[in-house]
Amino acid sequence: MKAIQTNDLCYTYHDGTKALNSLNFSVEKGENMAILGPNGAGKSTLLHHFNGLLLPSSGKVVALEHEVTTSNLDWVRQKVGLVFQDPDDQLFARTVGEDVAFGPVNLGFPLEEVKARVKWALEATEITDLEHKSPQNLSTGQKKRAALAGVLAMKPEIIVLDEPMANLDPRTASKVLKLLLQLNKELGLTLIIATHDVDLVPLFADEICILSKGQIVTQGPPQEVFMKTDLLRSLDLRVPRITHLFEILNKKNQILTDKHFPLTIGEARKEIVELLEANNKQ
Ligand SMILES: Nc1ncnc2c1ncn2[C@@H]1O[C@H](COP(=O)(O)OP(=O)(O)OP(=O)(O)O)[C@@H](O)[C@H]1O
Ligand SMILES: [Mg+2]
């Protein structure tokens, strides 16, 4: 089953900017998708269609086999949680706790359930101590965590995150990613993450979709997409740093001949150990 699908999706902003151009995107339920693309490619515009925040100028968006229209926005927002690129666009309540409770209260859950969800979401994002603080007075990274907590508390089936790791310290970024992957594994949650952090992508993505000028340039598993180095560079994108190191070792030192370069430190370590062991045997 597809979690989200778009058919010939076009979107033009009021000032005439054509941000999405006949875009056909799809992600399977339970899959983790990374969306990459240079600034202005249309990533945020596309993500805003997934929960009906924006509606197509033409074409359509289908979430869990239901076309997103003005008549099912409440249902869509319950199923598809969107964490904004800018947390100031998301946080509005008097306190962090009230902000996180807003979704579950609106869904009509009893008070005990609301409290339990808020507690869980604040703990998961490690901001329990900020519960009574005004969102306006948080640091940017804390705001990001609060915005994520608000979406987690809704327990959606699909979580769409726009640049979630930007402004998070490395430990928090790693914790948030671990939590999201755990939710994916245990609850079958679908993750769609737009990011510029290519080093992080192989750690979570089953698929990568690359956008440029409102269109999909390529889509496929990380191993495949990160082999298209010339295409990536022509779009001002890059491969993970560890992959780049192996590319250099291969090209300049002819050390490694394997066509699939490692994408993560773990894969690189395995490759290096195998190489050293083969060397020792000679
Ligand atoms: N509210 C708006 N009104 C008019 N044009 C807009 C608006 N928001 C975005 N755009 C334009 O739409 C295009 C796509 O923007 P979008 O924000 O989707 O890009 P992005 O891929 O998310 O970029 P970034 O990496 O900088 O976040 C850009 O040309 C941008 O200038
Ligand atoms: Mg954006």
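The values are calculated or read from the model by the stated rules, or taken from the named source; none is laboratory data. Here the structure is a predicted model, which is why all the values come from computation and not from measurement. Here Cβ is always computed from backbone atoms with ideal geometry, including for glycine, and neighbour counts include all displayed protein chains.
Checked against (1) in contact (Cβ under 8 Å) with a residue 60 or more places away in the chain; (2) assigned by TED's automatic domain parsing to the domain that holds Leu20, Leu235 meets all criteria but (2). From the list Leu55, Leu9, the lone residue that is within 16 Å of ligand 1 (Cβ to nearest atom), in contact with a Gly (Cβ under 9 Å, 6 or more places away or on another chain) and over 19 Å from Val151 (Cβ atoms) is Leu9.
Restricting attention to the range 6-22, the residues being part of a strand (DSSP E or B) and either within 15 Å of ligand 2 (Cβ to nearest atom) or not assigned by TED's automatic domain parsing to the domain that holds Gly59 (or both) number 3. For Gly30, the criteria (1) small (Gly, Ala, Ser); (2) on the phi > 0 side of the Ramachandran plot; (3) within 16 Å of ligand 1 (Cβ to nearest atom) hold in every case but one, which is (3).
Let's see how each residue does on (1) surrounded by fewer than 16 Cβ atoms within 10 Å (Cβ to Cβ); (2) touching a strand residue (DSSP E or B) at 6+ places or on another chain (Cβ under 9 Å):
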| position | (1), (2) |
| --- | --- |
| Ala194 | no, yes |
| Phe204 | no, yes |
| Ile216 | no, yes |
| Gly220 | yes, yes |
| Pro240 | no, no |
| Ile255 | yes, no |
| His260 | yes, no |
| Glu267 | no, no |
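Collect the residues in the range 113-132 that are among the acidic types (Asp, Glu) and in a helix (DSSP H, G or I), keeping them in residue-number order. Listed by number, the residues that qualify are Glu113, Glu123, Asp129.
Looking only at the range 157-186, filter to residues that are within 16 Å of ligand 2 (Cβ to nearest atom) and either in contact with a helix residue (DSSP H, G or I) (Cβ under 6 Å, 6 or more places away or on another chain) or not assigned by TED's automatic domain parsing to the domain that holds Ala147 (or both); which one of those is nearest to Glu28 (Cα to Cα)? Quick ask: steps written out before the conclusion?
Just the residues of the range 157-186 that are within 16 Å of ligand 2 (Cβ to nearest atom), to begin with: 160-167.
If we keep only those that are either in contact with a helix residue (DSSP H, G or I) (Cβ under 6 Å, 6 or more places away or on another chain) or not assigned by TED's automatic domain parsing to the domain that holds Ala147 (or both) as well, we get 160, 162, 165, 167.
On the way: Val160: 14, Asp162: 19, Met165: 23, Asn167: 29 Å.
Filtering the range 157-186 for residues that are within 16 Å of ligand 2 (Cβ to nearest atom) and either in contact with a helix residue (DSSP H, G or I) (Cβ under 6 Å, 6 or more places away or on another chain) or not assigned by TED's automatic domain parsing to the domain that holds Ala147 (or both), the one nearest to Glu28 (Cα to Cα) comes out as Val160.
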